[in-house]
Amino acid sequence: MKLFCLPYAGGASTVFSKWKSYIDRSIEIHALELPGHGTRMTEPVLTNLQQVADDLYLQASSSLKEGEPYAIFGHSMGAVLAYELQKRMKTRLNKEPCHVFYSGRFPPHIPEKKVYHQLSDAKLKEAIIAMGGVPEELADNHAVLDFFLPILRADFQLLETYQCDEVVPAACPISIFYGTRDLPSVLFDLDDWDQYTSKDCAFFEFDGDHFFIHSLTNEVVEKINVILKRIGVLEK
């Protein structure tokens, strides 16, 4: 089966490279690349989330073989993209995922309270470093930060201007992953995720901050393996 993976703001498909060492051998990690990110760096970045979701749908739908099962994993910004991708796969392809993993984020219908994309370059750099998304050795490397700043600004804009007017629940179970020290996701009522599925909604806590998918890669991927085996997608 395929596991479509969607990154956080500023992230590329390579953020899931380490997962291949831990994922069950019957699962193919298929990390989707956003326009203007990673291997698509020469393309313009998009600031409209619906346009990005349309692009991701084309990638995902064209890569699925006839009858091939799939699941979706999205972290932070990727969780919103996972929701929009799930909707498109359901309405346009009539092919539901067998599971959706929403990680490190409050539900899509809750609007963003902060507006990062309108900050000055200097303030945006400060905000990004404060979030913990920049490795310590790069925090003072202004050339690197300047290079990624337009990508991050575009990602923040698509998130901060996104509106979820109606919740369309998936017809499959969903899992919510969150870090114990990840304030942006735990300060909201996680139970609001229940309305995003007509099946079971389960919650899984990890002892980490917003980027627990990196610091606890083994635990996160092993939990995915266990969940997909439990719902009968993989051989036990």
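Nothing in this text is a laboratory measurement; each read-out follows from the coordinates by a stated rule. Please read all numbers here as calculations on a predicted model, not as lab measurements. Don't worry about glycine lacking a Cβ; one is built from the backbone with ideal geometry, like all the others, and counts go over all protein chains shown.
Results, tabulated for the structure shown:
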quantity: Residues listed by number, region 50-90, amide nitrogen under 13 Å from Thr39 label point at 7 Å toward C-beta; calculated: 59-60, 63
quantity: For Met1, Met77, order by how many other beta-carbon atoms lie within 10 Å, fewest first; calculated: Met1, Met77
quantity: Sum of side-chain charges, Asp207 neighbourhood, beta-carbon under 14 Å (Lys, Arg +1; Asp, Glu -1); calculated: -2
quantity: Order of Tyr178, Tyr162 under a 10 Å beta carbon neighbour criterion, fewest first; calculated: Tyr162, Tyr178
quantity: Interchain or long-range residues, amide H under 5 Å from Arg105's placed H; calculated: Ser76
quantity: Residue-span extension gain [Asn48 to Thr91] - 0.36 nm each, minus C-alpha spacing; calculated: 13.5 nm
quantity: Label of the coordinate-derived value, Kirkwood radius over Cα pairs in Å, listed as (1) 19.9; (2) 18.0; (3) 17.6; calculated: (2)
quantity: Extension gain (nm, one decimal) between Gln59 and Leu119, 0.36 nm per residue minus Cα-Cα; calculated: 18.4 nm
quantity: For Glu222, Glu66, Glu160, order by how many other beta-carbon atoms lie within 10 Å, fewest first; calculated: Glu66, Glu222, Glu160
quantity: Estimated FRET transfer efficiency (Arg25, His214; beta-carbon r; R0 25 Å; 0.05); calculated: 0.65
